Amino acid sequence: MNRIVIDENKCKACYLCIKECPKGLIKVSERTNNLGNKVVEFCDPDKQCLGCAMCATRCPDLAITEVYRG
Amino acid sequence: MSVQVFKIPNSLKKDAKYTFCPGCDHGVAVRLVAEVLEEMGLTENAILAASIGCSVTLYDFLNVDALEAPHGRALAEATGIKRARPDKFVFTYQGDGDFASIGLAESMHAALRGEKLSAICINNTTYGMTGGQLGPTTIMGQITTTSPTGRNKEYYGYPIKIAEHIALCDGTAYSARVSLDSVANIKKAKQAIKKAFEVQVKGLGFGFVEILSTCPTNWRMTPEQAHERVKNEMMPVFKPGVYKDITVNNQ
């Protein structure tokens, strides 16, 4: 199963990853982190993630720390 | 069996938290440098000559030895480090104000001397850290805090095209301009950084990469709008490409 790991406390809420995901699996959550930002979350109920790592490549703040494929 | 296709490189300090503004492409550029250092096995052997500007705290993020240089003098300091320790891999990471304004003489002469150094210059068309003043790379018509009516040729003159100027220096082995506006261009940027590092490792001369980056805070834009600006306004002026590569000419 393809998946990404988000370190919520590094997210600065620039939301660049949301536009980057070809399947639209990253969304703004209701939670705030210790920086006071509304963090992004990874929602993949239908196992659509391609493991393309485009979100992690785009993230300027190392908040998407790991991407797994398979 | 799951395969990890992306990880934070070990050449970045564990739990490094960037101090850059939200959406600033400095973060991507630092990660690319870290990835290339790790892939080329240079982390243990590298010395960074740190600069002044938003890139000033780079030694807090990269797991390499570093010396802080006075404003603009990173390449002069790097020259000293490299000549004292030719076995080390020495590189600088500077902004456009540091590299092409106050440090233009040091940068240009390091290239002219053909120092075996690698330099990364982040071009965001403004002085980011001090509040968005007109910089050497500010494009024509751009409004900044010190050019409230936009840059015009009568009063402010023209912006400098750094990669082209460095390519004209005989000591330069590699000079390229890349952009971070899209994922495809981020991958190209990594290849360019790798090439600039390789020419130093092979002892061919000066390696340089100019990276077109964003400054959403001082441009007063969202991170997404800032990338659109890089694509629509900056890239037609500062055209990405390889301006000099002596490894290709030799073949």
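Nothing in this text is a laboratory measurement; each read-out follows from the coordinates by a stated rule. Keep in mind that this is a model prediction, so the values were computed, not measured. Cβ: placed from backbone, ideal geometry, glycine included. Neighbour counts: every protein chain shown.
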Hey, any hits in region B:38-54 for a residue that's without any contact (Cβ under 8 Å) to a residue 24 or more places away in the chain, buried (at least 18 other Cβ atoms within 10 Å of the Cβ) and closer than 17 Å to B:G95 by Cα?
no
Only one of (1) more than 10 Å from every other protein chain (Cβ to nearest Cβ); (2) out of contact with any Asp or Glu (no Cβ under 6 Å at 6 or more places or on another chain); (3) closer than 30 Å to B:K231 by Cα is not met by B:F61, so which one is it?
(1)
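Condition check ((1) in contact with a His (Cβ under 7 Å, 6 or more places away or on another chain); (2) among the charged types (D, E, K, R); (3) over 27 Å from A:C11 (Cα atoms)) across all residues:
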| site | (1), (2), (3) |
| --- | --- |
| B:A184 | no, no, no |
| B:A189 | no, no, no |
| B:I193 | no, no, no |
| B:G203 | no, no, yes |
| B:F208 | no, no, yes |
| B:C215 | no, no, no |
| B:E228 | no, yes, no |
Quickly run through region B:19-54 and pick out the residues that are among the acidic types (D, E) and outside any helix (DSSP H, G or I).
B:D25
Mind checking which residues of region B:200-215 are more than 14 Å from B:Y243 (Cα to Cα) and surrounded by 24 or more Cβ atoms within 10 Å (Cβ to Cβ)?
B:L212, B:S213, B:T214, B:C215
Hey, among the residues in region B:1-33 that are crowded, with 23+ Cβ neighbours inside 10 Å and within 18 Å of A:V5 (Cβ to Cβ), which one's nearest to the other protein chains (Cβ to nearest Cβ)?
B:G27
Considering every residue within region B:64-86, establish whether at least one is at positive phi and part of a loop (DSSP other than H, G, I, E, B).
yes
Being farther than 23 Å from B:A16 by Cβ and of a type outside the set (G, A, S) narrows it down to one of A:C52, A:C14, so name that one.
A:C52
Selection from region A:24-41 of residues that are within 14 Å of chain B (Cβ to nearest Cβ) and assigned to a loop (DSSP other than H, G, I, E, B):
A:N33, A:N34, A:L35, A:G36, A:N37
If you check A:D44, A:D61, which single one turns out to be within 12 Å of chain B (Cβ to nearest Cβ) and in a loop (DSSP other than H, G, I, E, B)?
A:D61
For a quick check of your reading of the model, give me the residue pairs whose first member lies in region B:104-125 and is within 13 Å of B:A29 (Cα to Cα), whose second is among the basic types (K, R) and outside any helix (DSSP H, G or I), with beta-carbon atoms closer than 9 Å and at least 6 apart or on different chains.
B:N123/B:R177
